[in-house]
1. Looking at GLU348, GLU400, GLU365, which is the one that is in contact with a Leu (Cβ under 8 Å, 6 or more places away or on another chain) and open to solvent by 30 Å² or more (accessible area, probe 1.4 Å)?
2. Just wondering, is there one or more residues in region 309-320 that are touching a helix residue (DSSP H, G or I) at 6+ places or on another chain (Cβ under 7 Å), within 16 Å of LEU187 (Cα to Cα) and surrounded by fewer than 16 Cβ atoms within 10 Å (Cβ to Cβ)?
3. Considering only residues of region 255-299 that are in a strand (DSSP E or B) and closer than 28 Å to ASN186 by Cβ, which is most open to solvent (accessible area, probe 1.4 Å)?
4. Quick check on this structure: which one of GLU138, GLU65 is open to solvent by 10 Å² or more (accessible area, probe 1.4 Å), under 28 Å from ILE18 (Cβ atoms), without any contact (Cβ under 8 Å) to a residue 40 or more places away in the chain and touching a Lys or Arg at 6+ places or on another chain (Cβ under 7 Å)?
5. From the set of residues in region 68-97 that are in contact (Cβ under 8 Å) with a residue 12 or more places away in the chain and part of a loop (DSSP other than H, G, I, E, B), which is farthest from the chain's Cα centre (by Cα)?
6. Suppose we filter ILE64, ILE52 for residues that are within 26 Å of ALA394 (Cβ to Cβ) and at pLDDT below 95; which single one remains?
7. Residue under question is ARG132, and the condition is that it be surrounded by fewer than 18 Cβ atoms within 10 Å (Cβ to Cβ), under 26 Å from the mean Cα position of the chain (by Cα) and under 27 Å from MET329 (Cβ atoms); does it hold?
8. Just one of (1) closer than 30 Å to GLY370 by Cβ; (2) polar (S, T, N, Q); (3) within 19 Å of the chain's Cα centre (by Cα) trips up ASN115, so point out which.
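The values are calculated or read from the model by the stated rules, or taken from the named source; none is laboratory data. Predicted, not measured: the structure shown is a model, and the values here were computed from it. Cβ placement follows ideal geometry from the backbone for every residue including glycine, while neighbour counts extend to all protein chains displayed. To get the accessible areas, we keep the full protein, side chains included, count just its heavy atoms, and leave off ligands, DNA and RNA. Shrake-Rupley method; radii C 1.70, N 1.55, O 1.52, S 1.80 Å.
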Amino acid sequence: MQTASATQGNQADIDVVIIGAGPSGSIAASLLHQAGKRVVVIEKQHFPRFSIGESLLPCCMQLIEEANMLDAVNAAGFQFKNGAAFRYRDQYINFDFTDKFTPGPGTTFQVERGNFDKLLADTAAAQGVEIRYGETVESIDLSASPTLSVRDEIGKLYTIEAKYLLDASGFGRVLPRLLDLEKPSNLANRSAVFTHIQDNIGDKEVDGKPFDRNKILVSVHPKNRDIWYWLIPLSEDKCSLGVVGEPHLLNGLEDNLEEMLLDMVKQEPGLNQLLSDAEVLRECALLKGYSANVSTLATDKFALLGNAGEFLDPVFSSGVTIAMQSASMAVKCIARQLNGTPVNWEQEYSIPLMRGVDTFRTYVEAWYDGRFQDVIFYDDPDNKIKQMICSILAGYAWDESNPFVNDSRKRLNLIVELCK
């Protein structure tokens, strides 16, 4: 469902303008609409459109339910997901997300983002949210109320004013770019090359076990643990396939992406055997230098959601979870502010959001320096500790009753020592 562009004559009494109709934008728009606020979403593209980040985490399901979108998602026929599997050389470890420390959903879906994002946006529109597709934000004025200069689909420029502004533009990072908020990430510069394949796995096995289509498979390069691969089943015979590493470690990065990706797959024997009959379905894509940060997440005039604020790394599929979590947290603050209650955006949004983001960051950093890989592949794990780690892998990075969230660096270092 796509809403026609409105003109300058229909701009009165807008509470919140949201840039971007992806998961964070659609969730935020739905929640604000439910709170009785008038919302307009400006989306540059038309849906469905391709996007990466297909493996959801169970934590997402409670946020989808909060936005009254759970029935639509459950009925859409997406690939069921109940965990994650990790492979390194002859070691194969899986995590069952239903066997975790934190209460909450233990299953979710693996999705083609084009269809998933369109479903969320269409559901928000059906609830009454106005979405303007094919429109581009060209400038922003925050001297008074947030005022945006927007070019519509036929090239006409108009302005739209609101009481608050949310940037849900993802990798487009509209506000960081227009307001000079960009800040270098402290994570190493890495690249990802990816595509969709008809996997033709059939009855092939992983280390003597049938391939589990209900789990994402993360494989580590046998000679260089800084390189890893994702294999995300999207249906009975289709997967998302990608490889991640620092650019100098990926052979022929810019020349022939498909040749490079297939060559990298051949270097991981288990994955190569599993995908020996695979066929590439779409042109390979490159995402480079993807980690990003900002100097300011929120003020009393704007807030950044999900990837528009900070993106860490795809290794634990945290991107959509952070996006939806940030939407839920920001909307609660916006509703209070619009209802006349002063909000300390640093204390009530930025810091609480970053607690979970920093938890993910701890494990991303430790994945690449090898410490967390040592924990993941430890052959005699304590079940209680595994459940606590499983909760984080399932997206519950804001559960401060979990010691591996509340004091993530210290606890991780302790368990690393125990695994030696």
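1. On the way: GLU348 fails: in contact with a Leu (Cβ under 8 Å, 6 or more places away or on another chain); GLU400 fails: in contact with a Leu (Cβ under 8 Å, 6 or more places away or on another chain).
Exactly one residue qualifies, and that residue is GLU365.
2. no
3. First pass over region 255-299, keeping only residues in a strand (DSSP E or B): 279-280, 285-288, 292-294, 298.
From the residues that got through so far, the ones that are closer than 28 Å to ASN186 by Cβ too are 285-288, 292-294, 298.
Details: ALA285: 30, LEU286: 51, LEU287: 43, LYS288: 120, ALA292: 15, ASN293: 28, VAL294: 11, ALA298: 12 Å².
Checked region 255-299; the qualifying residue most open to solvent (accessible area, probe 1.4 Å) is LYS288.
4. Working: GLU65 fails: touching a Lys or Arg at 6+ places or on another chain (Cβ under 7 Å).
Among GLU138, GLU65, only GLU138 is open to solvent by 10 Å² or more (accessible area, probe 1.4 Å), under 28 Å from ILE18 (Cβ atoms), without any contact (Cβ under 8 Å) to a residue 40 or more places away in the chain and touching a Lys or Arg at 6+ places or on another chain (Cβ under 7 Å).
5. Looking only at region 68-97, we keep the residues that are in contact (Cβ under 8 Å) with a residue 12 or more places away in the chain, and these are 68-69, 72-73, 76, 78-97.
Going one step further and asking which of them are part of a loop (DSSP other than H, G, I, E, B), we end up with 68-69, 76, 78, 82, 89-90, 97.
On the way: ASN68: 20, MET69: 18, ALA76: 19, PHE78: 17, ASN82: 17, ARG89: 28, ASP90: 30, PHE97: 18 Å.
Applying the filter and picking the extreme gives ASP90.
6. On the way: ILE64 fails: at pLDDT below 95.
Testing whether each residue is within 26 Å of ALA394 (Cβ to Cβ) and at pLDDT below 95 leaves just ILE52.
7. Details: surrounded by fewer than 18 Cβ atoms within 10 Å (Cβ to Cβ): no; under 26 Å from the mean Cα position of the chain (by Cα): yes; under 27 Å from MET329 (Cβ atoms): yes.
Criteria not met by ARG132.
8. (1)
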